[in-house]
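*Asks:* Pasting a structure below so you can have a look.
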Amino acid sequence: MSKKLFLRAGAIAAASTLVLAGAAGSASAHVTVSSPDAKPGGYAKLIFRVPTESDDTLTTKLVVSLPKDTPFAHVGAQVKDGWKVEKTTEKLAAPVKVGDVTLSEAITSVTWTALKGGIPANDFDEFALSVGRLPDKVDSLSFPAVQTYSDGEVVKWDAAPPASGGEEPEHPAPTLKLAAAIVPVAATTNEDKDSSDSLARILGGAGLLLGLIGLGLGLRKPAAKVQS
């Protein structure tokens, strides 16, 4: 290969690497939700990670919507320096029972607004909620969010998650997967089973042998006394 062709191939490879890196970066730069302790029927801390996908503007506002069909009886919002937090309460279409409480209204959204500045360009911040109880008959919860930038741009993170194997939407709603509590069950291996069977056979055989000895002793006639 000539030096010219070699340099051209290197340039193409480098450009391809940059394109792939950019694609990976944009795919991961979403508003997302995670939790260290979420499980059906319990209380959880929800952490919303918010990146500023811009080179010259800031994120100045975040609105997170909460489920209305499975509302939370308790919603506590993280208080952050430099941000004002507000909760919006709405009347539900029909009363919903959550644990021992029946709700006719619930907190349906939480808004954080920067009092000054915001999340800088190409940086991120995290906003937390303490909620409960989580529903116990669902495997995931979606939290549509609206992100506002300092130049007035508004991005709605509200697209439904793709079906299995489907292409991810450009602005997916933050979605939390719920994992049911797993009760440890002792697994019985074939080796354990074989050992248990062998022990049972040994004990059974020993019991039978002792039974036969006892029966033999019971059937023996007492020896005649020898008179002197």
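The values are calculated or read from the model by the stated rules, or taken from the named source; none is laboratory data. Keep in mind it's a predicted model, so treat the numbers as computed, not measured. Note: ideal-geometry Cβ built from the backbone for every residue, glycine included; neighbour counts use all protein chains shown.
*Asks:* I'd like to know if the range 119-126 contains one or more residues that are at pLDDT 95 or above, buried (at least 16 other Cβ atoms within 10 Å of the Cβ) and among the aromatic types (F, W, Y).
*Replies:* no
*Asks:* Could you say which residue among D136, D56, D81 is without any contact (Cβ under 8 Å) to a residue 12 or more places away in the chain and on the phi < 0 side of the Ramachandran plot? Show your work before the answer.
*Replies:* Details: D136 fails: without any contact (Cβ under 8 Å) to a residue 12 or more places away in the chain; D56 fails: without any contact (Cβ under 8 Å) to a residue 12 or more places away in the chain.
Exactly one residue qualifies, and that residue is D81.
*Asks:* A further question on this structure: I'd like to know if the range 82-104 contains one or more residues that are at pLDDT 95 or above, of a type outside the set (S, T, N, Q) and not in a strand (DSSP E or B).
*Replies:* Yes, there is a match, as at least one residue in the range 82-104 is at pLDDT 95 or above, of a type outside the set (S, T, N, Q) and not in a strand (DSSP E or B).
*Asks:* What about V75, is it of a type in the set (A, V, I, L, M), part of a loop (DSSP other than H, G, I, E, B) and either surrounded by fewer than 19 Cβ atoms within 10 Å (Cβ to Cβ) or without any contact (Cβ under 8 Å) to a residue 60 or more places away in the chain (or both)?
*Replies:* So V75 does not fit the description; no.
*Asks:* In the range 91-110, how many are surrounded by 13 or more Cβ atoms within 10 Å (Cβ to Cβ) and more than 25 Å from the chain's Cα centre (by Cα)?
*Replies:* 2
*Asks:* Counting only residues that are among the hydroxyl-bearing types (S, T, Y) and either part of a loop (DSSP other than H, G, I, E, B) or closer than 17 Å to A29 by Cα (or both), how many does the range 129-163 have?
*Replies:* Going through the range 129-163 one residue at a time, the tally reaches 3.
*Asks:* So, in the range 59-72, exactly how many residues are in a loop (DSSP other than H, G, I, E, B) and either small (G, A, S) or under 19 Å from the mean Cα position of the chain (by Cα) (or both)?
*Replies:* From the range 59-72, those in a loop (DSSP other than H, G, I, E, B) are 66-72; that's our starting set.
So of that shortlist, the ones also either small (G, A, S) or under 19 Å from the mean Cα position of the chain (by Cα) (or both) come out as 66-67, 70-72.
So the count comes out to 5.
Conditions tested, residue by residue: (1) under 20 Å from the mean Cα position of the chain (by Cα); (2) modelled with pLDDT of 50 or more; (3) farther than 27 Å from E170 by Cα.
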{"site": "K3", "(1), (2), (3)": "no, no, yes"}
{"site": "A9", "(1), (2), (3)": "no, no, yes"}
{"site": "A21", "(1), (2), (3)": "no, no, no"}
{"site": "A38", "(1), (2), (3)": "yes, yes, no"}
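Matching residues to (1) modelled with pLDDT of 95 or more; (2) touching a Phe, Trp or Tyr at 6+ places or on another chain (Cβ under 9 Å):
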site	(1), (2)
A13	no, no
P51	yes, yes
S54	no, yes
T60	yes, yes
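*Asks:* When you look at S26, is it at pLDDT below 95, part of a loop (DSSP other than H, G, I, E, B) and closer than 26 Å to V154 by Cα, yes or no?
*Replies:* For S26, the condition - at pLDDT below 95, part of a loop (DSSP other than H, G, I, E, B) and closer than 26 Å to V154 by Cα - is not met.
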